[in-house]
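A quick write-up on the structure given underneath.
Read the figures in this text as sums done on the coordinates, not as results from a lab. Worth saying up front: this structure is predicted, and the values here are computed from it rather than measured.
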Amino acid sequence: MTGLAFAFRTLGATVAAGLLAATAAVPSAQARPEPKAPKEFVALSSVDRTIIQEMRYTTGHNFVGEPVDGYRQPLCILTRPAAEALHRAQVKLLAQGYSLKVYDCYRPQRAVDHFVRWAEDLDDERMKKEFYPLVDKSRLFADGYIAEKSGHSRGSTVDVTIVRLPAAPTRPYVPGEPLVECYAPQAERFPDNSVDMGTGFDCFDTLSHTDDPRIQGAQRANRRLLKETLAEQGFVNLPEEWWHFTFKPEPFPSTFFDFPVARRSVAGH
């Protein structure tokens, strides 16, 4: 090897080594940190530990049939005014021998996106028999059961029911178990420690309309108790869903958040 060739080879090796060292010195790209909730959001349990939480979207027992994107922990997160209003309603119900139970609270946008993808997949009907037995899946958007935005993502909407005390535990759902229509008699549909509201939670059927005239007797009285108790504290019911209530005025009336449902999202609030 000539002296000139040796010099070039040495120079090339030095440059290559320098490039490798420089590359190693650059930190690897970090995943973008998850967004956290604004300080106005709290875990409901930090305001009222007595309200029962049965967060359905962290489980497979929902109309999608699997845990929903963004639900990291079975935790109810709400804006503080909504949580405090639920606490006031709970105080009144406890005096009557009842408790509130929440099924869903703040819902991240990524969960709503999951619902949309599921609704567009017309082949996935694994939970149809229980949650939408009479609705053609192709009509979920047109009939208003699924939308690209949800009031839950603004943080002041809650899906809630009433449980008579002492509360019996609700047994776990077993994936693949036989399903029963959500409007079947209470003794036949999936066991829920809620009082009889005439349908199960998330029942895509007109019988879920809060004031449907076919709902009478104790079922109607139970819906009225829930609606009137929450209305006294500033909650407005969605007429199509007996379980759906929004606290007014909303602290974030036009903001749809996407932080995950997890304790770290509200840590320190």
Among DSSP beta bridges whose residues both lie in the chain, state the antiparallel percentage, nearest 5. 85 percent
Just to be sure I understand the rule: take each whole DSSP H helix in the chain, project its Cα atoms onto its long axis, keep it if the span is 27 Å or more and its mean Kyte-Doolittle hydropathy is at least 0.5. Which ones pass? 3-25
When only C-alpha pairs under 8 Å and at least 6 residues apart count, what is the relative contact order of the chain, in percent? 25 percent
For the range 38-159 the mean separation of alpha carbon contacts under 8 Å (6+ apart) over residue count, i.e. relative contact order in percent, is 32 percent
Just list whichever of Lys128/Lys248; Lys149/Lys248; Lys36/Lys92; Lys92/Lys248 have alpha carbons separated by over 22 Å in the model shown. Lys128/Lys248; Lys36/Lys92
Residues whose built amide H sits under 5 Å from the amide H of Ile77, excluding neighbours closer than 5 in sequence, are Leu44, Cys105, Tyr106
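Using 0.36 nm per residue, how much length does the chain from Glu240 to Arg49 gain when fully extended, once their Cα-Cα distance is taken away?
Here the answer is 65.9 nm.
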Nearest 500 deg cm²/dmol is fine: what mean residue ellipticity at 222 nm does the chain get from its DSSP H runs of n ≥ 4 alone, each adding -39,500 (n - 2.57), divided by its residue count? -8000 deg cm²/dmol
Extended-chain gain in nm, criterion 0.36 nm per residue less alpha-carbon gap, Ala221 and Leu122: 31.9 nm
